[in-house]
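Inspection log for the structure reproduced underneath, given as structure tokens.
Quick note: the coordinates plus some simple rules give every number you see, no bench work behind them. Nothing here was measured: the structure is a model prediction, and the numbers come from that model. Please note: Cβ atoms are built from the backbone with ideal geometry, for glycine as well, and neighbour counts cover all protein chains shown.
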Amino acid sequence: MTSFELFQQIPRMEIAPLQTPVHRCGRIETVVPGMPALYVKHDDYIGPLVWGNKLRKLEYVFAEARRLGADTLITCGGLQSNHARTTAHAALRFGFRVILVLNGVPPARPTGNLLIDFKIGAEVHFVSTREERQEKMEKLADDQRALGHKVLVIPLGASDEVGLPGFIRAMGELKQQQQQLGIKFDYIFHPSSSGGTQSGLEVGKRLFEIDPRIIGISADTSERELKEKIVTISTPVMKHLKMDPMFDEDQLSVDDRFIGEGYGIPTAASLEAEKLFSEQEGILVDHFYTAKAASAIIHYAREGFFKPDDRVLFWHTGGTISLFQ
């Protein structure tokens, strides 16, 4: 059985239409020096409430939960986590209970993703730091099992071997779109944090035999740590698919220069990118993830990184609800 046939056998639960469009950003090309042909892949169009790219992973996570007979899902994130909100929202359709563990000080007046978490009836628990999330999830899982529930704990961003196929499949989607457009992308830029998106893209480009250079722009994690995560997440899936050879950290491109003061804290460059993309293209990007990836593309262009005939894809992963906080 081929790697592709093995991939096709992985259970998936269809949640929403995922053939997200690719559009050219011609106006930005004219105002940013050194910018080649720039396109955007609109995963911010997924779902009825800007569900974003996390839904790609959740199609496989929910299928695994159904296979295991789980009735309760537990996951985590920051107060404005798109992954947490999307998991809680999408799960309603399939009858799963969702418990969220969010780190940060709960505001007196919830806004953005946190407000939606409460509106849709998710059970939310707060912890002070990121480091406390895993222990809290495990404790809640034990409590729920003691009550007779079957539980699936979903890691941050659904970034593990269960969620990974979502972005492998996305690369197959992109290959078809390249054929329809009659072009090949030289670079894919995307925001990166938990490593799941880049893991899937890297495996997917090998499975579907396309060869853009994938550059993950870190939102909060060092280059070394993020590369380690990507290899760790990817390896068991590649073994399952009988893909050889495996890739190592030296074959990955991660840039951690655009983090600034930390997760969710805007930089001068990310604020410029927000303004440029919204006013020139009508594209909203959020300062947690997408604005920093957008600012990286602008920086690369200005420093003369690209060749004039390059084609660059900005994979917009969603997240614009967090603008309203």
Worksheet item: Local charge sum around Gly148 (other residues, Cβ-Cβ under 14 Å, Lys/Arg +1, Asp/Glu -1)?
Response: 0
Item to complete: Arrange the peptides 181-194, 51-64, 230-243 so that the one whose residues have, on average, the most other Cβ atoms within 10 Å appears first.
Response: 51-64, 181-194, 230-243
Item to complete: Sum -39500 (n - 2.57) across every DSSP H segment of at least 4 residues in the chain, then divide by the residue count to get the 222 nm mean residue ellipticity, nearest 500.
Response: -12500 deg cm²/dmol
Worksheet item: Lys150 to Glu123: FRET efficiency via 1/(1 + (r/R0)^6), r the Cβ-Cβ distance, R0 22 Å, to the nearest 0.05?
Response: 0.85
Discussion item. To make sure I understand the rule: partners must be lysines, Cα under 26 Å from the Cα of Lys205, and not fewer than 8 residues away in the same chain. Which ones qualify?
Written reply: Lys41, Lys54, Lys57, Lys175, Lys184, Lys227, Lys229, Lys239, Lys242, Lys292, Lys307
Worksheet item: What is the local net charge at Ile233, summed over the other residues whose Cβ is closer than 10 Å to its Cβ (Lys, Arg +1; Asp, Glu -1)?
Response: -3
Fill in: Using alpha-carbon coordinates, inclination of helix 196-207 to the longest axis of the chain, degrees
60
Practice prompt. With a 10 Å radius around each residue's Cβ, average the other Cβ atoms per peptide and rank 198-210, 114-126, 89-101, highest first.
Written response: 198-210, 89-101, 114-126
Fill in: Protection proxy ranking of 34-40, 4-10 - average other beta-carbon atoms within 10 Å, highest first
34-40, 4-10
Item to complete: Of the listed values (1) 0.96; (2) 0.92; (3) 1.09, grab the one calculated as Cα Rg over 2.2 N^0.38 Å from the structure here.
Response: (1)
Discussion item. Quick check: pseudo-label points 7 Å beyond the Cα along Cα→Cβ at Met1 and Arg130, how many nm apart are they?
Written reply: 3.7
